1. Looking at Arg36, Arg58 in this structure, which one is of a type outside the set (Gly, Ala, Ser) and touching a residue at least 40 places away in the same chain (Cβ under 8 Å)?
2. Are there any pairs, at least 6 apart or on different chains, whose C-beta atoms fall under 6 Å, with the first in segment 7-21 and farther than 11 Å from Glu54 by Cβ and the second assigned to a helix (DSSP H, G or I), and if so, which?
3. Collect the residues in segment 46-69 that are assigned to a strand (DSSP E or B) and either touching a Lys or Arg at 6+ places or on another chain (Cβ under 6 Å) or crowded, with 16+ Cβ neighbours inside 10 Å (or both), keeping them in residue-number order.
4. What residue, among those in segment 11-25 that are under 13 Å from Arg46 (Cα atoms) and not in a strand (DSSP E or B), is nearest to the chain's Cα centre (by Cα)?
Amino acid sequence: MSIYKIIELVGTSPNSWEEAARDVVETATKSLRDIRIAEVGKLDMRIEKGKIVEYRARVKLSFKFEGSE
C-alpha cells in the first residue's frame, strides 16, 4: 500500500499556458522526488492595458509520501 501527497503550485509564463505548466513540473522536480501525476486544474491570464502579459497555470502534483510502501 502506498500513500501519495498532493500539492498545488502556480506557474507563470509570458508566452503560453503550456510553458507555465511545464515550468511548474521542471521546477518541482528539483526539490520533490517521485512525482507521479501533474494535473492542470485552472488556467488564467494577467492583463495590463488590454494586453495579455502573463499566462498562469494552476497545477496539482502528486508524489509518493516518504516511508509509504
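1. Numbers: Arg36 fails: touching a residue at least 40 places away in the same chain (Cβ under 8 Å).
From the options Arg36, Arg58, the qualifying one is Arg58.
2. Pairs that qualify, where the first residue is farther than 11 Å from Glu54 by Cβ and the partner is assigned to a helix (DSSP H, G or I), are Leu9/Val24.
3. Quick first cut of segment 46-69, residues assigned to a strand (DSSP E or B) only: 46-48, 51-64.
Hits for segment 46-69 are Val53, Glu54, Tyr55, Arg56, Ala57, Arg58, Val59, Leu61, Ser62, Phe63, Lys64.
4. First, the residues of segment 11-25 that are under 13 Å from Arg46 (Cα atoms): 11-17, 20.
Still in the running and not in a strand (DSSP E or B): 14-17, 20.
Details: Pro14: 16, Asn15: 16, Ser16: 14, Trp17: 11, Ala20: 8 Å.
It comes out as Ala20.
Yes/no matrix, rows are residues, columns are (1) surrounded by 10 or more Cβ atoms within 10 Å (Cβ to Cβ); (2) modelled with pLDDT of 95 or more:
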| site | (1), (2) |
| --- | --- |
| Met1 | no, no |
| Ile7 | yes, yes |
| Thr12 | yes, yes |
| Glu18 | yes, yes |
| Ala21 | yes, yes |
| Leu32 | yes, no |
| Val40 | yes, yes |
| Asp44 | yes, yes |
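The values are calculated or read from the model by the stated rules, or taken from the named source; none is laboratory data. Values in this document were obtained by computation on a predicted structure and should not be read as measured data. Every residue, glycine among them, receives a Cβ derived from its backbone with ideal geometry; neighbour counts consider all protein chains shown.
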